[in-house]
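Accompanying notes for the structure given below.
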Amino acid sequence: MKHRSWRLLLGLLCATPTAAQEPFVATLPIEEMREKQLVVETTEGTVVLDLLADAAPNHVGLIMQRATEGVFDGTSFHRMVLRGIVQGGDPNTKDASAPDQYGRGGLGLVAAEPNGETHSAGTVSAITVAGDPDSGGTQFLICVVDQPGLDGQYTIWGRVAAGLPVIARISETPVDANGNATERVEILSATVRDWVPPPPPPFTTDSVEELAGYQAVLETDAGPVTIEFFPDRAPEHVRNFLRLADTGFYDGMAFHRVVPGFVIQTGFPPTRSTPLSEEQRMLIQNISLEVSDTLHVKGIVSMARGDDPDSAQTSFFIVTDTSPELDGVYSAFGRVVSGIEAVEQIEQSPTNGEEPVTRVELRAVRLVAP
């Protein structure tokens with residue numbers, strides 16, 4: 001998304017804020033505003049925001065007060081940029097019959113609070129009237145992806161702690177030519193609570209013994225391939241693979257590399273037949289190298305990486321012949337226990353260099369629980 005397109009949307013705000021008044025100043029001590037969260041229940045799901053009291057105490061104080069008063073309940077997200085930004089918090093949006101007033105309410109309440117926070121994915125900042133940085137209020141924007149072009153222009157007062165995929169879905173709401181939502185996505189309630197640590201990612205607390213009980217069935221164009229895991233040798237690679245597979249991350253990807261007598265490789269996101277969800281994209285991370293004395297022989301499943309030994313992410317390969325040059329260099333985390341015939345069939349695919357001439361798909365990865 002181009003940052004310019006969002007600036008054009010901001011320009012659609014009214015030229016003057018709501019009735020002039022003294023800027024809001026938080027009355028709560030800063031200690032009582034720290035480690036607080038705003039739980040936003042929407043018609044698309046739940047979003048939890050960490051409130052950044054030290055960065056913007058007056059904004060946070062205003063949001064906490066207005067949430068307690070129910071100001072956000074029944075409002076609607078009224079502007080959005082597809083998979084870029086969503087805008088909400090205008091009390092005028094409670095009236096479904098007056099869309100021409102959307103974007104004009106809840107402004108002119110609090111002065112700007114410049115801080116060092118940046119507009120990364122999940123950032124929440126105050127909407128202001130164009131040209132008036134001290135016209136913030138209850139209206140806010142949430143970044144679906146990084147928006148560095150907004151840094152220094154708007155007061156950042158929160159970050160999404162949970163529910164960024166919900167925000168991404170909201171950004172997909174149909175809009176008119178001016179970026180105004182043509183369908184209502186409502187905030188059912190917004191409540192303040194003490195900070196609650198996020199739950200650990202799936203498979204984080206499973207023991208090595210529990211992880212070893214899982215198998216994965218790779219449904220390929222050549223038939224099913226079942227692999228078992230080596231969590232005693234590469235625990236973080238196993239956890240990473242299970243998390244990805246559990247969300248359907250690998251479904252619809254292609255075997256993008258085939259080298260007869262060496263490996264077949266898949267798991268490269270650009271080969272996916274449909275876009276990744278925000279939840280799936282958030283799972284992509286570097287995994288540190290975990291080498292063992294496992295030999296890279298036929299059927300071993302190992303993680304691909306770049307020149308950096310700790311750069312493995314999602315792409316993995318199945319060894320099709322004894323390959324000692326891989327031993328101690330790549331993280332072997334599993335092996336094929338059935339379906340080696342399908343691996344051999346994929347290995348025989350005609351290629352242009354190392355890329356199959358005809359797409360060979362990894363249709364789905366299905367986990368078999370212990």
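The values are calculated or read from the model by the stated rules, or taken from the named source; none is laboratory data. Values in this document were obtained by computation on a predicted structure and should not be read as measured data. Using ideal geometry, Cβ is built from the backbone for each residue, glycine included, and neighbour counts are taken over all protein chains shown. These accessible areas exclude ligands, DNA and RNA; they are computed on the full protein's heavy atoms, side chains included. Shrake-Rupley method; radii C 1.70, N 1.55, O 1.52, S 1.80 Å.
Restricting to segment 232-264, name every residue that is surrounded by fewer than 18 Cβ atoms within 10 Å (Cβ to Cβ), over 25 Å from Asp206 (Cβ atoms) and not aliphatic (A, V, I, L, M). Correct list: Gly252, Pro260, Gly261. Scanning segment 166-211 for residues that are small (Gly, Ala, Ser), open to solvent by 70 Å² or more (accessible area, probe 1.4 Å) and within 22 Å of the chain's Cα centre (by Cα) yields a total of 0. If you go through segment 65-106 and keep only what is crowded, with 24+ Cβ neighbours inside 10 Å and among the hydrophobic types (A, V, I, L, M, F, W, C), you end up with Phe72, Phe77, Met80, Ile85, Val86.
Residues that are open to solvent by 70 Å² or more (accessible area, probe 1.4 Å), farther than 16 Å from Pro165 by Cα and outside any loop (DSSP other than H, G, I, E, B) within segment 265-280 comprise just one, Pro270. Screening Trp195 with (1) of a type in the set (A, V, I, L, M, F, W, C); (2) within 30 Å of Ala111 (Cα to Cα); (3) in contact with a helix residue (DSSP H, G or I) (Cβ under 8 Å, 6 or more places away or on another chain) gives one miss only, at (3).
Residues that are within 15 Å of Ala245 (Cα to Cα) and crowded, with 17+ Cβ neighbours inside 10 Å: does segment 287-301 have at least one? The answer is yes, given that some residue of segment 287-301 is within 15 Å of Ala245 (Cα to Cα) and crowded, with 17+ Cβ neighbours inside 10 Å. Restricting attention to segment 259-289, and to residues there that are at pLDDT 95 or above and touching a helix residue (DSSP H, G or I) at 6+ places or on another chain (Cβ under 6 Å), which single residue is farthest from Ile346 (Cα to Cα)? The selected residue is Ile287. Residues in segment 41-51 that are farther than 15 Å from Val144 by Cβ and either part of a strand (DSSP E or B) or among the aliphatic types (A, V, I, L, M) (or both): Glu41, Thr46, Val48, Asp50, Leu51.
Within the group Ser292, Ser349, Ser302, which residue is among the hydroxyl-bearing types (Ser, Thr, Tyr) and not in a loop (DSSP other than H, G, I, E, B)?
On inspection, the qualifying residue turns out to be Ser302.
Between Ser302, Ser331, the distinction of being under 25 Å from Pro202 (Cα atoms) and touching a Phe, Trp or Tyr at 6+ places or on another chain (Cβ under 9 Å) belongs to Ser302 only. Could you check segment 187-232 and list, in sequence order, the residues that are part of a strand (DSSP E or B), farther than 30 Å from Thr93 by Cβ and either free of Cβ contacts under 8 Å to residues at least 60 places away in the same chain or in contact with a strand residue (DSSP E or B) (Cβ under 9 Å, 6 or more places away or on another chain) (or both)? Passing the criteria: Gln215, Ala216, Val217, Leu218, Glu219, Thr220, Pro224, Val225, Thr226, Ile227, Glu228, Phe229.
Matching residues to (1) free of Cβ contacts under 8 Å to residues at least 24 places away in the same chain; (2) of a type outside the set (Asp, Glu); (3) on the phi < 0 side of the Ramachandran plot:
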position: His256; (1), (2), (3): no, yes, yes
position: Gln265; (1), (2), (3): no, yes, yes
position: Thr274; (1), (2), (3): yes, yes, yes
position: Glu279; (1), (2), (3): no, no, yes
position: Met282; (1), (2), (3): no, yes, yes
position: Asn286; (1), (2), (3): no, yes, yes
position: Val291; (1), (2), (3): no, yes, yes
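Residues in segment 117-146 that are open to solvent by 10 Å² or more (accessible area, probe 1.4 Å), in a loop (DSSP other than H, G, I, E, B) and farther than 26 Å from Ala168 by Cβ: Ala130, Gly131, Pro133, Asp134. Considering segment 27-50, and only residues there that are among the hydroxyl-bearing types (Ser, Thr, Tyr) and touching a strand residue (DSSP E or B) at 6+ places or on another chain (Cβ under 6 Å), the residue that is farthest from Arg66 (Cα to Cα) turns out to be Thr43.
Ser331 passes every criterion in (1) touching a residue at least 60 places away in the same chain (Cβ under 8 Å); (2) open to solvent by 50 Å² or more (accessible area, probe 1.4 Å); (3) not aliphatic (A, V, I, L, M) apart from (2).
Mind listing just one residue for me: the one in segment 338-356 that is within 33 Å of the chain's Cα centre (by Cα) and more than 22 Å from Thr274 (Cβ to Cβ) and, of those, surrounded by the fewest Cβ atoms within 10 Å (Cβ to Cβ)? Ranking the candidates gives Glu354 first. Being over 24 Å from Val81 (Cα atoms) and under 25 Å from the mean Cα position of the chain (by Cα) is the requirement here; does Val238 meet it? So Val238 fits the description; yes.
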